[in-house]
Amino acid sequence: MGIKDKEIVGGFQTVRHLLERDDIRIHEIWIQVRSQRREGILEKAHKRSIPVYFKEKEDFNHLLSGINHQGVAAVVDAFRYQSLQSILSLAVKKRGTALIVMADHITDAGNIGALLRVCAFFKVDGFIIPARRSASISGQVMKRSSGGYLSVPIAKVSNLKNTALRLKREGFWIIGTDERAKESIYDFDWRRDVALIVGSEERGINHSLVKICDELVSIPSDGDISSLNVSVALGIVLSEIHRQRRFN
């Protein structure tokens with residue numbers, strides 16, 4: 001297995017999450033020399049017969065540049081996406097309450113990771129990203145998701161519009177988020193199968209996707225700031241969906 005088939009994932013809690021998952025193959029554990037953050041890491045690695053290597057701080061900073069690795073990392077298999085069909089097969093079992101999130105051209109890895117963390121919290125049935133102009137599931141995304149990427153089925157598709165049209169044929173309502181939309185998330189009835197599209201804070205949702213949405217919704221605000229970070233906005237929308245479906 002070459003380096004292209006592996007991913008280096010940094011972060012103490014993230015590595016602990018990985019060690020708790022028997023279905024995740026871990027090739028190596030790295031710990032920074034003189035690091036005090038190793039509670040439980042060595043024991044779990046030894047229990048699973050995973051080799052542990054101690055590396056200098058400079059090695060960590062070079063190999064995990066830009067990532068808050070906290071002196072702990074794991075070398076795992078590169079992320080394997082699920083097919084759209086496999087996500088649909090699981091979602092249709094929840095007819096009437098199926099929920100899929102589609103991220104339109106969000107290129108920041110931190111934002112994708114944060115979105116996955118929110119999706120995992122609310123037990124979303126699937127997360128879909130486009131193959132181009134989007135951050136992929138990298139070590140940085142894994143770290144930022146705080147293990148959320150392990151809980152949410154993720155698919156990468158060649159065309160978000162065609163995917164949305166397929167979901168529509170399968171009975172999903174295609175709902176887009178748009179700060180200018182007149183329909184409030186609190187007035188919309190979420191008790192149906194939903195494919196929710198979120199876009200970047202700067203560009204929003206692509207016009208070709210807007211045209212095929214069944215509804216556009218917004219988060220009402222009285223403040224001077226017109227937009228929220230995409231993961232914060234998604235959390236607010238999913239919270240309202242959860243409230244309606246659970247308590248109404």
| request: Name, by its number, the condition in (1) over 18 Å from the mean Cα position of the chain (by Cα); (2) part of a loop (DSSP other than H, G, I, E, B); (3) surrounded by fewer than 16 Cβ atoms within 10 Å (Cβ to Cβ); (4) of a type outside the set (Gly, Ala, Ser) that does not hold for Arg80. | output: (1)
| field | region 124-145 residues that are in the same structural domain as Val232 (by TED's automatic domain parsing), paired with ones that are among the hydroxyl-bearing types (Ser, Thr, Tyr) and assigned to a helix (DSSP H, G or I) (beta carbon under 7 Å, 6 or more apart) | value | Ile128/Thr163; Ile137/Tyr149; Val141/Tyr149; Met142/Thr14; Met142/Tyr149; Lys143/Thr14
| Can you name every residue in region 140-172 that is part of a loop (DSSP other than H, G, I, E, B), buried (at least 19 other Cβ atoms within 10 Å of the Cβ), modelled with pLDDT under 95 and on the phi < 0 side of the Ramachandran plot? | Ser145
| task | Starting from residues that are out of contact with any Phe, Trp or Tyr (no Cβ under 8 Å at 6 or more places or on another chain) and among the basic types (Lys, Arg), keep the ones in region 211-248 and report whichever is farthest from Asp178 (Cα to Cα). | result | Arg246
| message | Step by step: first the residues of region 5-40, then only those that are in contact with a Lys or Arg (Cβ under 7 Å, 6 or more places away or on another chain) and part of a helix (DSSP H, G or I), then the one that is modelled with the highest pLDDT. Which residue is that? | response | Leu19
| said: The conditions are (1) without any contact (Cβ under 8 Å) to a residue 12 or more places away in the chain; (2) more than 17 Å from Arg117 (Cα to Cα), and Ile174 fails exactly one of them. Which is it? | reply: (1)
| query | Any idea which residue in region 173-230 is modelled with the lowest pLDDT, counting only those that are part of a loop (DSSP other than H, G, I, E, B) and among the aliphatic types (A, V, I, L, M)? | reply | Ile225
| field | The one condition in (1) without any contact (Cβ under 8 Å) to a residue 60 or more places away in the chain; (2) over 27 Å from Pro130 (Cα atoms) that Gln70 fails to fulfil | value | (1)
| request: Kindly establish whether Val72 is touching a helix residue (DSSP H, G or I) at 6+ places or on another chain (Cβ under 6 Å), closer than 22 Å to Trp173 by Cα and β-branched (Val, Ile, Thr). | output: no
| note | Scanning region 193-215 residue by residue, the ones that are closer than 16 Å to Asn162 by Cβ, surrounded by fewer than 19 Cβ atoms within 10 Å (Cβ to Cβ) and in contact with a helix residue (DSSP H, G or I) (Cβ under 8 Å, 6 or more places away or on another chain) total 3
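The values are calculated or read from the model by the stated rules, or taken from the named source; none is laboratory data. Since the model is a prediction, treat every value here as computed from it, not as a measurement. Virtual Cβ from ideal backbone geometry, glycine too; neighbours counted across all protein chains shown.
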